[in-house]
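The structure appears right after this line, and notes come after that.
The values are calculated or read from the model by the stated rules, or taken from the named source; none is laboratory data. Remember, predicted model here, so these are calculated numbers, not experimental data. Glycine gets a Cβ as well: all are built from the backbone with ideal geometry, and neighbour counts include every protein chain shown. Note: areas computed on protein heavy atoms with side chains; ligands, DNA, RNA excluded. Shrake-Rupley method; radii C 1.70, N 1.55, O 1.52, S 1.80 Å.
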Amino acid sequence: MEIIERVSQLNSGMKIPRIGFGTAASPQNIIQMKQAVATALKVGYKHFDTASIYGTEPALGEALSEAFRNGIAKRDDVFVTSKMYAADHDDPVSALKTSLKNLQLEYLDLYLIHWPINLRKGVSHPSPKEEDFLPLDIESIWRGMEQCVELGLTKSIGVSNFSSKKIGDLLSYAKISPAVSQVEMHPLWQQKKLRDYCSNANIHVSAYSPLGAFGTYYGSNSVMENSVLREIAEKHGRTVAQVLLRWGLEQGVSVLPKSYNSCRITENYQVFEWSLTEEDHEKISKLPQKKIVRREGLINSTTSPYKTIQDLWDGEI
Ligand code: A2P
């Protein structure tokens, strides 16, 4: 059996736990989300992933501070990631200070640029209007991210939803290299090109929507209902979710599943004591590819930096 390390080394010198707990939630699920974090801490999760646009930073902050107060966890033992929203790109330091206040934390473990776009203050719609876009200057945003590290507000910085090309451009001027690239990844969107690129650049990849965002309005059931993955799961006496997460771990990335159900939170953590076979990997490597989180709403022919979906993902779609 292939032994999977529970943490990966980052180029910042820090270590990232390989299983993270995703906290995107609709407003009516925030209380459930907070309870789920408490459950996840008991199960063993050490990495919690949020973003300012999710609106879950305060609830995650409450769950964590209760756990710190009750001795269930220590700040140094958990890894907290948040992401700067595109309408806050004018001032990353202030954006991060707001996130820290929401989370009741002194520092983050990882702070990411959430999307490579720039929006007017206050805009939060997933499909911004033409007048909502501002010119994008990733270099100046990255300078602000570097300042966040220099001020001790976060241990590591990184990017999310960046193509290999955008990461390459960033590396040409970065004084601090991104430690993490967080992207959609699962067997139906394997991100081989981006992962090879990141591996050569010593950037760790984290997989969001590792279950294909099953059952959500923005996701798809195609990953969890895939017949090849079902067969593999049956053969091992595991669930498809466990096969998906184990596959991500065996590819060397960290995975960020999301569940607010205590049985499934536990199930998703039971992926260390068994492994996939070479034959399973071979079958999975042949699955047809289709990106689920495409974000056509970020495209327009006038004000967006991206006139087509190919532009947004630099052909990696
Ligand atoms: P629930 O909260 O009811 O468990 P992703 O992690 O790709 O974003 O997918 C999240 C979705 O997958 C959520 O709707 C979650 O629903 C569901 N989910 C999480 N874990 C499992 C599991 N082990 N089996 C089935 N569905 C799951």
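Across the stretch 7-313, the convex hull enclosing all Cα atoms gives 125 Å³ per residue. Subtracting the Cα-Cα distance of Glu296 and Ile72 from 0.36 nm times their residue separation leaves 76.4 nm of extension gain. Spacing of the modelled spin labels on Lys192 and Thr216, each 7 Å from Cα toward Cβ, amounts to 2.7 nm. For the charge dipole of the chain, defined by +1 on Lys and Arg C-beta atoms and -1 on Asp and Glu C-beta atoms about the Cα centroid, which residue among Leu276, Leu119, Thr23 has the Cα displaced farthest towards the positive pole? Final value for the positive-end residue is Thr23. Here, P(r) means the percent of Cα pairs in each 5 Å bin from 0 to the largest distance; for the stretch 212-299 it is 2, 12, 23, 26, 20, 10, 5, 2, 0. Along the chain, the longest continuous region that contains none of the chymotrypsin sites (Phe, Trp or Tyr not before Pro) in a DSSP loop with at most 15 other C-beta atoms within 10 Å is 1-216. Extension gain, Ile317 to Ser127: 0.36 nm times the residue separation minus the Cα-Cα distance gives 66.5 nm.
Taking 0.36 nm per intervening residue step and subtracting the Cα-Cα distance, what contour gain separates Glu106 from Lys283 on full extension? Could you put the intermediate results ahead of the total?
On the way: separation 177, 0.36 × 177 = 63.72 nm, distance 4.54 nm.
Gain on stretching Glu106 to Lys283: 59.2 nm.
Would you pull out the residues with amide H under 5 Å of Tyr208's amide H, same chain only if 5 or more places away, H placed 1.01 Å from N? Those qualifying (amide H under 5 Å, at least 5 residues apart or on another chain) are Val183, Glu184, Met185.
Placing unit charges on the Cβ atoms of the charged side chains and taking the dipole of the chain about its Cα centre, the candidate lying farthest along the positive direction among Ser65, Met84, His47 is Ser65.
Rolling a 1.4 Å sphere over the protein heavy atoms, what is the accessible area per residue of the chain, to the nearest Å²?
Values: 13880 Å² over 317 residues.
Result: 44 Å² per residue.
Overall, the chain carries a charge dipole of about 340 debye about its Cα centre when +1 sits on the Cβ of Lys and Arg and -1 on the Cβ of Asp and Glu, all other atoms neutral.
For the chain, what % of the accessible area comes from carbon and sulfur atoms, probe 1.4 Å? Show your work: numbers first, answer last.
Working: 6950 of 13880 Å².
That fraction is 50 percent.
What Kirkwood hydrodynamic radius, in Å, does the stretch 111-171 give when the mean of 1/r is taken over all pairs of distinct Cα atoms and then inverted? Could you put the intermediate results ahead of the total?
Values: mean 1/r = 0.0780 Å⁻¹.
Evaluated over the stretch 111-171, this radius sits at 12.8 Å.
Among Gly237, Cys198, Gly297, whose Cα projects farthest towards the positive end of the dipole of the chain, with charges put on the beta-carbon of Lys, Arg (+1) and Asp, Glu (-1)? Positive-most Cα among the choices belongs to Gly237.
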